[in-house]
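Structure record follows, encoded as structure tokens.
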Amino acid sequence: MSWLERWDRQQEVYIRDRERRYDAMLAFLEDLAPKDPVVLDLAAGPGSTAVRVLDRLPGTRCLAVDVDPVLQRLGKDAYGDAGGRLTWVTADLRDPSWPSALGVDGVDAVVSTTALHWLRPEELTPLYRTLRELLAASGGPFLNGDHLPFPRETPRIGAAAERVDQARRDAAVEAGAEDWAAWWDALRADPALAAEHAAREALWPADGRGSAAASLAYHQAALDAAGFAESAIVWQDLDERVLLALP
Ligand SMILES: C[S@@+](CC[C@H](N)C(=O)[O-])C[C@H]1O[C@@H](n2cnc3c(N)ncnc32)[C@H](O)[C@@H]1O
């Protein structure tokens, strides 16, 4: 199995219905984006969402933005530029100048998966403002598939959902699945990626796993403050949700 196949299996430990989540996101993208869109995959990692978008919407071009040199290298090695349809962009979303790395003034849609919970809540509002600006001309959708926690007002429901989720993760690992730490440990032993690993260590102290998750209500308030006109959940399994926002 390739590193990226192993990445997909590893991600499914945390998002059991990951492919169904992609299917829902792509269906909304198909419905709401203009024809032959330019789609921005935000915190794309190895391009997981971008390559599924390119497969499903043949006229699309994707910009895959991420800051992690290891994951980007895996994506570049596996997909290259996908016949001129995929552009890899290295940028840190916490740096307000990140859009200047895109090489375009606007995009027709923005997608993101399992990533924005790495950002601190206060970093989301400026990011959403930038997305609103990038989508201003097209009026296209922003689809965020991520871990969006239950609100503080429902603590017992949130705790029960966490127990159900943990039981699923334990069962997957017991059945032999590789978890996040095991996948990274295995990858770190690949000498071909030594330079990228060294750069990554400087980027993410400890194991690099983000955990500063803002609640769903916070995301919606931040989208609202950024000028998005509508936002709603269009898919959900426990606290894995797809939040769709329209400018
Ligand atoms: C769990 S991975 C998800 C990757 C991919 N979207 C997927 O679903 O397979 C989270 C990604 O968010 C990226 N990320 C986190 N914080 C970021 C930031 N400030 N700027 C750019 N990328 C970031 C990480 O580098 C990593 O690739």
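The values are calculated or read from the model by the stated rules, or taken from the named source; none is laboratory data. Fair warning: this is a prediction, and the values are worked out from it, not measured in the lab. Reconstructed Cβ throughout: ideal geometry from the backbone, glycine too, with neighbour counts over all protein chains shown.
Results, tabulated for the structure shown:
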quantity	calculated
Whichever residue in segment 128-158 is in a helix (DSSP H, G or I) and modelled with pLDDT under 95 and, among such residues, is farthest from LEU93 (Cα to Cα)	PRO155
Any hit, segment 103-116, residues being within 14 Å of the ligand (Cβ to nearest atom), touching a strand residue (DSSP E or B) at 6+ places or on another chain (Cβ under 7 Å) and either part of a loop (DSSP other than H, G, I, E, B) or at positive phi (or both)	yes
Matching entry among ALA229, ALA171, ALA199 (being at negative phi, touching a helix residue (DSSP H, G or I) at 6+ places or on another chain (Cβ under 7 Å) and among the small types (Gly, Ala, Ser))	ALA199
Of all residues making up segment 1-29, the number that are hydroxyl-bearing (Ser, Thr, Tyr) and either within 12 Å of the ligand (Cβ to nearest atom) or buried (at least 19 other Cβ atoms within 10 Å of the Cβ) (or both)	2
Sole exception among (1) out of contact with any Ser or Thr (no Cβ under 7 Å at 6 or more places or on another chain); (2) surrounded by 12 or more Cβ atoms within 10 Å (Cβ to Cβ) for PRO99, by number	(1)
Any hit, segment 164-183, residues being surrounded by fewer than 18 Cβ atoms within 10 Å (Cβ to Cβ), of a type outside the set (Gly, Ala, Ser) and over 26 Å from ASP23 (Cα atoms)	yes
Tally of residues being in a loop (DSSP other than H, G, I, E, B) and in contact with an Asp or Glu (Cβ under 6 Å, 6 or more places away or on another chain) across segment 58-99	3
Number of the condition not met by LEU93 [criteria: (1) surrounded by fewer than 17 Cβ atoms within 10 Å (Cβ to Cβ); (2) touching a residue at least 24 places away in the same chain (Cβ under 8 Å)]	(1)
Unique match (being in contact (Cβ under 8 Å) with a residue 60 or more places away in the chain and either within 7 Å of the ligand (Cβ to nearest atom) or within 15 Å of the chain's Cα centre (by Cα) (or both)) among GLY47, GLY75	GLY75
